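I have placed the structure first, in the form of structure tokens, so that the comments after it can refer back to it.
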Amino acid sequence: METPLLPRESGRFIAEHSRDVFVEEDGVEKVAEMLYTLRHSDSLTAGGWKDANPLAPAPTSDQALNWVFVVDTMNFSFWPENEIQQCEVTYKGTTYTGYMTLCAAITRAIEEGIPITDPKYFSQMSVEELGHVLRSDNETPMPMLQERHKVLTEAGGVLLEHGGNFRSFIDRAGNDARKMVELIVEKIPSYRDEAVYEGKKISFYKRAQILVADVWGIMEARGEGDIRNMDWLTMFADYRVPQALVYLGALRYSDTLMQMLKKRELLCSGDRREVEIRGCSIWSVELIKDRLSKLVQERDGQTCHITSVIIDFYLWPYAKQHHKEMAHIPIHQTRCIYY
């Protein structure tokens, strides 16, 4: 069985063969310059993990690790069919949409006494029980309840077979980011984010990588963030960061693709154009990181420690904060369990 290219190599291969998505050198330079001006700010560190995850338990407890495992296992496909009608969850007076509905729902469940982060519970829970946990304030439910139930119960079963909790499971990889991703992908089927492009098997591993990055963020917040090979991880290829990269000029869509996306046509997971959007996003961030590293070396005479993960941690909230300015750039719409 063919071993897929790893995410970084996949990104490069896709960018070299892409027909509808293009990495723009001028835009890469522009984003690198923008990040250079921010190089000393908290927004380009892992230290802001709690700020970026305000609904997570305090990072000082293993409950935070259990929480990110549950959230990242179900971290996919939040875009609404209709912008006017979307799932909403209110928690402590704030109403959330998108990915944050999942975070709010899991934290709400914990406060209600539901052991949603205990694999003994969530490996056995019913679809109805999960539906209650993920309940919306309105008539629009969170998408893909059946799929979320399947991946969560499956993942819970894997944890029970390998130590009984996420901490015991992930400790088997040592403090090595690459080994963590490989362990997650090997043992938990729903994290196998792979496709075939131009006859080659490729991979993105979006959720596996973001889970490892979240573990790193928690450990950093604890002062225990000595996880090796964090620079092995790429950006997390989803539907929000590509929009930001197009807006900033680091990516360009062909006119044909742009028109198709504006019509809100659904792309299947593994569709050539969907793969090109995700792969070129990975490769553009790699080039931005490399250019930023050169700028820091040339101008400051220092080694740059800003990784692709940190760039993603900056771009995702940037896209959310500038969503009105980006409204003319459509996100691609794919219903799948991978992102």
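The values are calculated or read from the model by the stated rules, or taken from the named source; none is laboratory data. In this text the structure is predicted, and so the values were computed from the model without any measurement. For neighbour counting, all protein chains shown are included, and Cβ atoms are generated from backbone atoms with ideal geometry for every residue, glycine included. In case anyone asks, the SASA skips ligands and DNA or RNA and just uses the protein heavy atoms, side chains included. Shrake-Rupley method; radii C 1.70, N 1.55, O 1.52, S 1.80 Å.
Some observations on this one:
- Global geometry of segment 178-321, whether rounded, prolate or oblate, following the gyration tensor of its Cα atoms and the 1.5 cut on a/c: oblate
- Formal net charge of residues neighbouring Trp216 (Cβ-Cβ distance under 12 Å; K, R +1; D, E -1): -4
- For segment 1-64: accessible area per residue (Å², 1.4 Å): 55 Å²
- Dipole of the chain, positive direction: furthest Cα of Met74, Met142, Leu295, with charges on the beta-carbon: Leu295
- Taking all Cα pairs closer than 8 Å and separated by 6 or more residues, the relative contact order of the chain comes to 30 percent.
- Exceeding the 31 Å Cα-Cα cut-off - candidates Lys201/Lys324; Lys150/Lys200; Lys150/Lys324; Lys120/Lys201: Lys201/Lys324; Lys150/Lys324; Lys120/Lys201
- Within segment 223-306, the trypsin sites (Lys or Arg not before Pro) that combine a DSSP coil assignment with at most 15 other C-beta atoms in a 10 angstrom radius are Lys263, Arg264.
- Estimated dipole of segment 196-320 in Debye, rounded to 20 [Cβ of Lys and Arg +1, of Asp and Glu -1, Cα centre]: 440 debye
- Solvent-accessible surface (1.4 Å probe) assigned to Ser190 amounts to roughly 10 Å².
- Segment 1-59: GluC sites (Glu not before Pro) in DSSP loop, at most 15 other beta carbons within 10 Å: Glu2
- For Cα extents along the principal axes in Å, calculated from these coordinates, the label among (1) 64, 45, 38; (2) 52, 48, 46; (3) 81, 50, 36: (2)
- Among the protein heavy atoms of the chain, carbon and sulfur supply 48% of the accessible surface, probe 1.4 Å, non-protein parts ignored.
- Within segment 125-194, GluC sites (Glu not before Pro) in DSSP loop having at most 15 other beta-carbon neighbours inside 10 Å: Glu139
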